[in-house]
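Shown next, in C-alpha cells, is the structure this report addresses.
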Amino acid sequence: MAELAFFSGTMDSGKSTLALQMDHNHAARGRGGVIFTRNDRAGTDVLSSRLGLRTAAYEVGDATDFWAEVVTRRMRGDRVDYLICDEAQFYSPTQVEQLARLVDEMGVDVFAFGITADFRTRLFPGSQRLIELADRVEELQVQALCWCGARATHNARTVDGIMVVEGAQVVVGDTEADPGEVAYEVLCRRHHMRRMTSVAARVASPSAQTLDLDV
Ligand SMILES: Nc1ncnc2c1ncn2[C@@H]1O[C@H](COP(=O)(O)OP(=O)(O)O)[C@@H](O)[C@H]1O
Ligand SMILES: Cc1cn([C@H]2C[C@H](O)[C@@H](COP(=O)(O)O)O2)c(=O)[nH]c1=O
C-alpha cells in the first residue's frame, strides 16, 4: 500500500542524502520517480547533499499543484510510482494535502524530507501539515550534535556566531557562512533556550586548550 512518509531532523542531519539514496534504491528496482525540492542551498532545480551528491529536481513554487504534476506525467505515459519531496518544510499545507491525496487515490508513494521547526522553534506550516497527515514520521538515525556533545534537536539562526531571534521564517542558508551572513547552528534544547551557540560558549568559558595556546 502506498504511503506518505515524512523524514525529519535538524539541519545537517542527512535528510537530502537519504532522499538521494531512496531515489537511487527505488529507481534501481525499475520504479518511476519524480524528484521535487524548494529553495535548495545549491540553487534552483537541484537537490544537493553536503556529502557532495546532487541531482536534477523540479523546483516547487507557490503555484505547484502536485496532483496536476502527476496527472500530466501519467497522461503522457510516464511512470510515476513515487515522489521524492525535499525541503518539504517550505511546501504549503495545501500542497501537502495534494501529496496525501496522491497516496490515497493514485497509489503514489510520497517520501518527504524536511526540518520541522524554524529558528524560533515554531513549526513550519508545511511540516505541521505533514506531521498531521503522514502515515509515518521518521527521525533520522544519524544524530546531529550540539557543540556540548548532546543530541541537537533545534536549529538556531546566527550572524557571526551570535544567535538571532528576530527575522523572516524563511532565509535560505547553511551551517557555514561568510562573516556577517546569516548562518545556522544546530543545538540541544538547553543551549537553544539559553541562546548559547558554540561562539557564545567559547566567549563565556574559553577551554583549557585555548588558554594553553595563549600562554
Ligand atoms: N566530509 C564529510 N564526511 C562524512 N560525512 C559528512 C561530511 N560532510 C557532511 N557529512 C554528513 O552529511 C550530513 C549532512 O547531510 P545532508 O544530506 O546535506 O543534511 P540535511 O539535508 O539534513 O541538511 C552530516 O550530518 C554528516 O553526517
Ligand atoms: C531553521 C531555519 C532554516 N531555514 C532554511 C535554511 C536552509 O536553507 C533550509 C534547511 O536546509 P537543510 O537541508 O535541512 O540544511 O531551511 C529557514 O529558512 N528558516 C529557519 O528558521
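The values are calculated or read from the model by the stated rules, or taken from the named source; none is laboratory data. It should be emphasised that the depicted structure is a prediction, and the values quoted were computed from it without experimental measurement. Here the Cβ positions follow ideal geometry from the backbone for every residue, glycine too, while neighbour counts run over all protein chains shown.
Only one residue in Thr116, Thr64 is farther than 30 Å from Arg195 by Cα, surrounded by 13 or more Cβ atoms within 10 Å (Cβ to Cβ) and of a type in the set (Ser, Thr, Tyr), so which one is that?
Testing whether each residue is farther than 30 Å from Arg195 by Cα, surrounded by 13 or more Cβ atoms within 10 Å (Cβ to Cβ) and of a type in the set (Ser, Thr, Tyr) leaves just Thr64.
Looking at (1) farther than 16 Å from Gly126 by Cα; (2) assigned to a helix (DSSP H, G or I); (3) away from ligand 2 (no atom under 16 Å from the Cβ), can you tell me which one Arg101 breaks?
Exception for Arg101: condition (1).
So, Asp86, is that one acidic (Asp, Glu), in contact with a helix residue (DSSP H, G or I) (Cβ under 6 Å, 6 or more places away or on another chain) and surrounded by 18 or more Cβ atoms within 10 Å (Cβ to Cβ) or not?
Answer is yes for this residue.
Is it true that some residue in segment 133-146 is part of a helix (DSSP H, G or I), assigned by TED's automatic domain parsing to the domain that holds Arg31 and without any contact (Cβ under 8 Å) to a residue 60 or more places away in the chain?
No, segment 133-146 contains no residue that is part of a helix (DSSP H, G or I), assigned by TED's automatic domain parsing to the domain that holds Arg31 and without any contact (Cβ under 8 Å) to a residue 60 or more places away in the chain.
Each row is one residue, and each column tells you yes or no for (1) within 16 Å of ligand 1 (Cβ to nearest atom); (2) on the phi < 0 side of the Ramachandran plot; (3) more than 14 Å from the chain's Cα centre (by Cα).
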residue: Asn25; (1), (2), (3): yes, yes, yes
residue: Gly33; (1), (2), (3): no, yes, yes
residue: Ala42; (1), (2), (3): yes, yes, no
residue: Glu59; (1), (2), (3): no, yes, yes
residue: Ala63; (1), (2), (3): no, yes, yes
residue: Phe66; (1), (2), (3): no, yes, yes
residue: Ile84; (1), (2), (3): yes, yes, no
residue: Pro93; (1), (2), (3): no, yes, yes
residue: Val96; (1), (2), (3): no, yes, yes
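Which is within 16 Å of ligand 2 (Cβ to nearest atom) and either more than 13 Å from Phe111 (Cα to Cα) or not assigned by TED's automatic domain parsing to the domain that holds Val186 (or both), of Leu83, Leu51?
Exactly one residue qualifies, and that residue is Leu51.
Given the condition exposed (fewer than 14 other Cβ atoms within 10 Å of the Cβ) and either within 10 Å of ligand 1 (Cβ to nearest atom) or small (Gly, Ala, Ser) (or both), answer yes or no: does some residue in segment 9-20 qualify?
Within segment 9-20 (the criterion being exposed (fewer than 14 other Cβ atoms within 10 Å of the Cβ) and either within 10 Å of ligand 1 (Cβ to nearest atom) or small (Gly, Ala, Ser) (or both)), the answer is no, since none of the residues qualifies.
Would you mind finding the one in Gln98, Gln141 that is among the polar types (S, T, N, Q) and surrounded by 16 or more Cβ atoms within 10 Å (Cβ to Cβ)?
Going through Gln98, Gln141 in turn, just one is among the polar types (S, T, N, Q) and surrounded by 16 or more Cβ atoms within 10 Å (Cβ to Cβ): Gln98.
Looking only at residues in segment 37-88 that are touching a Lys or Arg at 6+ places or on another chain (Cβ under 9 Å) and in a helix (DSSP H, G or I), which one is nearest to Asp23 (Cα to Cα)?
Per the stated criteria, the residue is Ala88.
For residues that are more than 26 Å from Met163 (Cα to Cα) and crowded, with 18+ Cβ neighbours inside 10 Å, scanning just segment 119-132, find the one that is farthest from ligand 1 (Cβ to nearest atom).
For segment 119-132, the residue satisfying everything is Arg129.
Go through segment 107-128 and report how many residues are touching a Phe, Trp or Tyr at 6+ places or on another chain (Cβ under 8 Å) and either within 16 Å of ligand 2 (Cβ to nearest atom) or not in a loop (DSSP other than H, G, I, E, B) (or both).
Matching residues across segment 107-128 total 14.
Residue pairs, Cβ under 9 Å, 6 or more apart or interchain, first in segment 1-30 and more than 29 Å from Thr175 (Cβ to Cβ), second away from ligand 2 (no atom under 11 Å from the Cβ) and in a helix (DSSP H, G or I). List them.
Hits for this filter: Met1/Val103; Ala2/Leu102; Ala2/Val103; Ala2/Asp104; Ala2/Met106; Glu3/Val103.
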